[in-house]
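*Asks:* Mind having a look at this structure? Questions to follow.
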Amino acid sequence: MTSTNYDGFAGIIGGCDLMRRLFALISKVTDTDTTILVQGESGTGKELIARALHSQGPRRDHPFVPINCGAIPAELLESELFGHEKGAFTHAIRTRQGRFELADSGTVFLDEISEMSPMLQVKLLRVLQERQFERVGGTQTIVSDFRVIAATNRNLEEEVRVGRFREDLFYRINVIPIQAPPLRERGADIVPLTRYFIDKFTSAKNRRAMGINDEAMGHLLRYPWPGNVRELENIVERMVILATGKELTVADLPEKILQVKGMRREVVDEIPAQGFALNQAVADYEKKLIVQALNQTDWVKNQAAQLLGVNRTTLIEKMKRHQLVKPQVTMSE
Ligand SMILES: Nc1ncnc2c1ncn2[C@@H]1O[C@H](COP(=O)(O)OP(=O)(O)OP(=O)(O)O)[C@@H](O)[C@H]1O
Ligand SMILES: [Mg+2]
């Protein structure tokens, strides 16, 4: 199985409008050396986007060097990034190159950049401006030609506002912002992603090809996916391991997916004294829910119908009655 069998771009599966716009943006900026900031909730595919930016551009034959700024203690991060000279500190028994040096002609991926200490933020700003630096404990100036892609699952503007992140550094790295959309805003991608992960895990585990029935898929479509694509990937992996039949069914779904309740939002606080036209109110409410389901699924009627728990033909009939047609979108940003 290869990801080319699926709608998507450079291993990023997705075909909804949001994702197609994202792919167009990625293609536009791969040829430049501009610094890119990828923002988005956990599990939305920020690292995948960073890797695509590297693998689709002219630096693809050079190293992609990731570093997780949140996972490395502040004292060590500096020497990880810039390298150190022998004897620079107690455990520096030999000279070591840093990630910026190793990424010469390639890309440095600064993951969880919001976690960088204020001291390192200053140093990073200088490196981004001058493209040169010294190893820890060294005096020799090192010049390296690297592109920087940064990622964060925090709202970096907010971090700037509360004083945890330097404003000047924010503007330096946020030259081209890329937003990785949460899975709940790209409902149309749940079906292809689920299929992709089923295929991925059945072939990885040498299992027979497997499908998923409509009822089970309906539950996956209704779940809000707080952990985004990573959560879907984990759930599909577990289902593939545990499943016995050749089709995944509701019986294979984890409890939390099944527990999603329908909407129970109150519609009106109180019925007005003069009363109101029930039929009109119900029709308005129905129209609102249908539009919402259609927007959530990129106007793919099959999926919108599954979301609403009605037949496709019923949905089409209701769409006609409410005169609903898909709005035209423009691909320009
Ligand atoms: N569109 C997608 N197509 C295929 N796989 C995806 C997609 N988006 C995410 N994934 C997969 O989901 C998992 C999480 O993605 P990734 O690590 O890129 O997320 P992230 O945004 O960096 O998350 P975090 O903020 O938690 O680090 C990975 O295994 C990745 O391969
Ligand atoms: Mg990540």
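*Asks:* Name the shape class, rounded, prolate or oblate, that the alpha-carbon gyration tensor gives for region 25-106, where a ≥ b ≥ c are the square roots of its eigenvalues, rounded holds for a/c under 1.5, and otherwise prolate holds if a/b is larger than b/c and oblate otherwise.
*Replies:* Values: a/c = 3.44, a/b = 1.75, b/c = 1.96.
Here region 25-106 falls in the oblate category.
*Asks:* What whole-number volume per residue, in cubic angstrom, does the convex hull of the C-alpha atoms of the chain give? Could you put the intermediate results ahead of the total?
*Replies:* Values: hull volume 64.6 nm³, N = 333.
Convex hull of Cα atoms, per residue: 194 Å³.
*Asks:* Whole-Hz ³J(HN,Hα) for each residue in region 309-324, computed from phi via Karplus 6.51 cos²θ - 1.76 cosθ + 1.60 with θ = phi - 60°, x for glycine and proline: what do you get?
*Replies:* Whole-Hz 3J(HN,Hα) from phi for region 309-324: x, 10, 5, 4, 5, 4, 4, 4, 4, 5, 4, 4, 4, 8, 6, 9.
*Asks:* In nm, give the distance between the simple-model label positions of LYS28 and ASP145, each being 7 Å from the Cα along the Cα-to-Cβ direction.
*Replies:* With each label point 7 Å from Cα toward Cβ, the separation is 2.6 nm.
*Asks:* Can you compute the modelled spin-label distance between SER42 and LEU324, with each label point 7 Å from Cα toward Cβ, in nm?
*Replies:* Each label point lies 7 Å from its Cα, and together they span 3.4 nm.
*Asks:* For each pair in LYS200/LYS256; LYS246/LYS287; LYS46/LYS256; LYS200/LYS287, compute the distance between the two Cα atoms and list the pairs where it is over 30 Å. Show your work: numbers first, answer last.
*Replies:* Working: LYS200/LYS256 23 Å; LYS246/LYS287 38 Å; LYS46/LYS256 25 Å; LYS200/LYS287 38 Å.
Beyond 30 Å between Cα atoms: LYS246/LYS287; LYS200/LYS287.
*Asks:* I need the chymotrypsin sites (Phe, Trp or Tyr not before Pro) found in region 1-99, filtered to DSSP loop residues with at most 10 other beta carbons within 10 Å of theirs.
*Replies:* Details: sites: TYR6, PHE9, PHE23, PHE64, PHE82, PHE89; in loops: TYR6, PHE89.
In loop regions of region 1-99 (DSSP not H, G, I, E or B), there are no sparsely surrounded chymotrypsin sites (Phe, Trp or Tyr not before Pro).
*Asks:* Per residue of region 299-305, in order, report the coupling 6.51 cos²θ - 1.76 cosθ + 1.60 (Karplus, θ = phi - 60°) as ³J(HN,Hα) in whole Hz, putting x for Gly and Pro.
*Replies:* 6, 7, 4, 3, 6, 4, 4
*Asks:* Still on this structure: Short version: what are the Cα gyration tensor semi-axes of region 278-321, square root of 5 times each eigenvalue, largest first, in whole Å? Walk me through the numbers on the way to the answer.
*Replies:* Details: eigenvalues 62, 24, 13 Å².
Working from the Cα gyration tensor, I get semi-axes of 18, 11, 8 Å.
*Asks:* Further question on the same structure: Near the amide H of ARG59, under 5 Å away, which other amide H atoms are found, from residues 5 or more places off or on another chain, if H is placed in the peptide plane?
*Replies:* none
*Asks:* For the charge dipole of region 278-321, defined by +1 on Lys and Arg C-beta atoms and -1 on Asp and Glu C-beta atoms about the Cα centroid, which residue among THR313, ILE290, LEU278 has the Cα displaced farthest towards the positive pole?
*Replies:* THR313
*Asks:* For ASN295 and GLN132, what is the calculated FRET efficiency with R₀ set at 56 Å and r taken between the beta-carbons, to the nearest 0.05? If you can, show how the numbers build up before the last one.
*Replies:* Working: r = 49 Å, r/R0 = 0.87.
With R0 = 56 Å, the Cβ-Cβ based efficiency is 0.70.
*Asks:* Would you pull out the residues with amide H under 5 Å of PHE64's amide H, same chain only if 5 or more places away, H placed 1.01 Å from N?
*Replies:* Residues meeting the criterion, in which the H sits 1.01 Å from N, are THR107.
*Asks:* While we're here: I'd like the Karplus ³J(HN,Hα) series for region 181-193: coefficients 6.51, -1.76, 1.60, θ = phi - 60°, whole numbers in Hz, and an x wherever there's a Gly or Pro.
*Replies:* Taking θ as phi minus 60°, the curve returns x, x, 4, 5, 8, 9, x, 5, 8, 5, 5, x, 5 Hz for region 181-193.
*Asks:* How far is helix 46-55 tilted, in degrees, relative to the longest principal axis of the Cα atoms in the chain, given as a value from 0 to 90 rounded to the nearest 10?
*Replies:* Relative to the chain, helix 46-55 is tipped by roughly 60 degrees.
*Asks:* When the helix-only estimate is applied to the chain (DSSP H runs of n ≥ 4, each -39,500 (n - 2.57), divided by the residue count), what is the mean residue ellipticity at 222 nm, nearest 500 deg cm²/dmol? Each step should come with its number before you reach the end.
*Replies:* Values: 14 runs with 142 residues, N = 333.
It lands at -12500 deg cm²/dmol.
*Asks:* Take THR35 and ASN234, extend 7 Å from each Cα along the Cα→Cβ direction, and tell me the distance between the two endpoints in nm.
*Replies:* Taking the simple label geometry, THR35 and ASN234 are separated by 3.2 nm.
*Asks:* At 0.36 nm per residue, and after removing the present C-alpha to C-alpha distance, how many nm does the segment from GLU75 to ALA277 gain when stretched out fully?
*Replies:* Full extension from GLU75 to ALA277 adds 65.9 nm.
*Asks:* Can you put ASP252, ASP145 in order of Cβ neighbours within 10 angstrom, beginning with the fewest? All intermediate terms of the calculation are to be shown ahead of the outcome.
*Replies:* On the way: ASP252 21, ASP145 13.
Going from least to most buried by this count: ASP145, ASP252.
*Asks:* Quick one: helix 17-29 against the long Cα principal axis of the chain, what's the angle to the nearest 10°, folded into 0 to 90?
*Replies:* That works out to roughly 20 degrees.
*Asks:* Pull up the DSSP beta bridges for the chain and report the antiparallel fraction as a percent, rounded to 5. Each step should come with its number before you reach the end.
*Replies:* Details: 7 of 27 bridges.
Just about 25 percent of them are antiparallel.
The numbers here are math on the coordinates, done by the rules we state, and not lab data. In this text the structure is predicted, and so the values were computed from the model without any measurement. Neighbour counts run over all protein chains shown; Cβ positions are idealised from the backbone, glycine included.
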